[in-house]
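All remarks here apply to the structure that follows.
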Amino acid sequence: MSPVMLELLVRSTWETILMTAASGLISLVAGLPLGLAMVATDRGGIAENLWFNRILGAVINGFRSVPFIILLVALIPLTRLIVGTSIGTWAAIVPLSIAATPYYARIAEVSLREVDHGLVEAARAMGGNRWTIIREVLVPEALPGLVAGFTVTLITLVGASAMAGAIGAGGLGDLAIRYGYQRFETVVMVAVVAVLIVLVCLIQYAGDRLVARLDHRA
C-alpha cells in the first residue's frame, strides 16, 4: 500500500471512530431515558401511563422499522439544517444518532425489565420516590445489561457508519467504495475490512471487561 493510501486509511479510521463515538454518546444520552420511560409508564410501573407508553412505543418502533440507508436519504433536509451540509463525517452523525437512539432504547428497556420487581417494591415501601427508585435501584441493578447493550449498539454503529460511506459520509465505508470498489484496489478493500474487524473486536473486548467488573453476580 502506498504512503498516500496509508494516510487515507488512517484518516478514514479516525473519521469512523469519531462518527461511532459521537453518535453512540448521543444514543446513550437520549436512548436510556426513553428506555426508562417505557418501563416506568408500563402497566404496574412506577409512573403507570398506558397511553403514553403505547404512543412512545409506536414512535420508537416506527424509527426502528426504517432501513438505515433509507433513513440516511430521508433525513438529508434535517441534516443540512443542523450541520449545514448533507455530506461528510459530521453530517453522518445526525442520521446515525437518530437510528441508534431507538435501537438502544429498546435494549435498555429489556435490561431494565430484568431488575427484580421485589427490589422496586422494597424501595417503594421505604418511601422512595420515582427518581430515587430510578437512580438507586433500576439503573444500578441493570447497569451490566445496559453496558452490554451499549457495546452492541456501538458495534452496530461501526457497520452503519461504513454504510453511510455510500452517500459520501467519509470514514472507512467511503474509502472502501471509492478506492476498493470503484477503482478495483483489492488491497484497500482488504485493509478496510481488517481495520473494521479490529475496531469491533476492541469494542467488544472493552465492553465485556467492563460488564464483568460491574456484574455483582459474577
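The values are calculated or read from the model by the stated rules, or taken from the named source; none is laboratory data. Note that the structure is predicted; figures quoted are calculated from it, not measured. Cβ coordinates were reconstructed from backbone atoms using ideal geometry, including for glycine residues, and neighbour counts include every protein chain displayed. These accessible areas exclude ligands, DNA and RNA; they are computed on the full protein's heavy atoms, side chains included. Shrake-Rupley method; radii C 1.70, N 1.55, O 1.52, S 1.80 Å.
Summary table
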item: Pair list, Cβ under 9 Å, 6 or more apart: the stretch 41-60 residue farther than 19 Å from G31 by Cβ, other residue assigned to a loop (DSSP other than H, G, I, E, B) and of a type in the set (D, E, K, R); result: E48/D42; N49/D42; L50/D42; L50/R43
item: Test: residue in the stretch 200-217 that is touching a residue at least 24 places away in the same chain (Cβ under 8 Å), buried (at least 18 other Cβ atoms within 10 Å of the Cβ) and within 27 Å of L72 (Cα to Cα); result: yes
item: Filtered residues of the stretch 103-148 (kept if among the hydroxyl-bearing types (S, T, Y) and in contact (Cβ under 8 Å) with a residue 60 or more places away in the chain); result: Y103, Y104, S111
item: Candidates L72, L32, L78, filtered to the one that is assigned to a helix (DSSP H, G or I) and under 28 Å from F184 (Cβ atoms); result: L72
item: The stretch 139-171: number of residues that are aliphatic (A, V, I, L, M), assigned to a helix (DSSP H, G or I) and modelled with pLDDT under 85; result: 5
item: Hey, E121 closer than 16 Å to G45 by Cβ, over 21 Å from the mean Cα position of the chain (by Cα) and open to solvent by 60 Å² or more (accessible area, probe 1.4 Å) or not; result: yes
item: Any hit, the stretch 179-188, residues being under 21 Å from F68 (Cβ atoms), surrounded by 15 or more Cβ atoms within 10 Å (Cβ to Cβ) and in contact (Cβ under 8 Å) with a residue 12 or more places away in the chain; result: yes
item: Odd one out for L199, checked against (1) in contact with a Gly (Cβ under 9 Å, 6 or more places away or on another chain); (2) at pLDDT 90 or above; result: (1)
item: Test: I133 is modelled with pLDDT under 95, open to solvent by 20 Å² or more (accessible area, probe 1.4 Å) and out of contact with any Pro (no Cβ under 8 Å at 6 or more places or on another chain); result: no
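So that you can scan it fast, the table gives a plain yes or no per residue for (1) of a type in the set (D, E); (2) under 20 Å from the mean Cα position of the chain (by Cα); (3) crowded, with 20+ Cβ neighbours inside 10 Å; (4) at pLDDT 90 or above:
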position	(1), (2), (3), (4)
L6	no, no, no, no
I17	no, yes, no, yes
T20	no, yes, yes, yes
P33	no, yes, no, yes
M38	no, yes, yes, yes
T41	no, no, yes, yes
I46	no, no, yes, no
N61	no, yes, no, yes
L71	no, yes, no, no
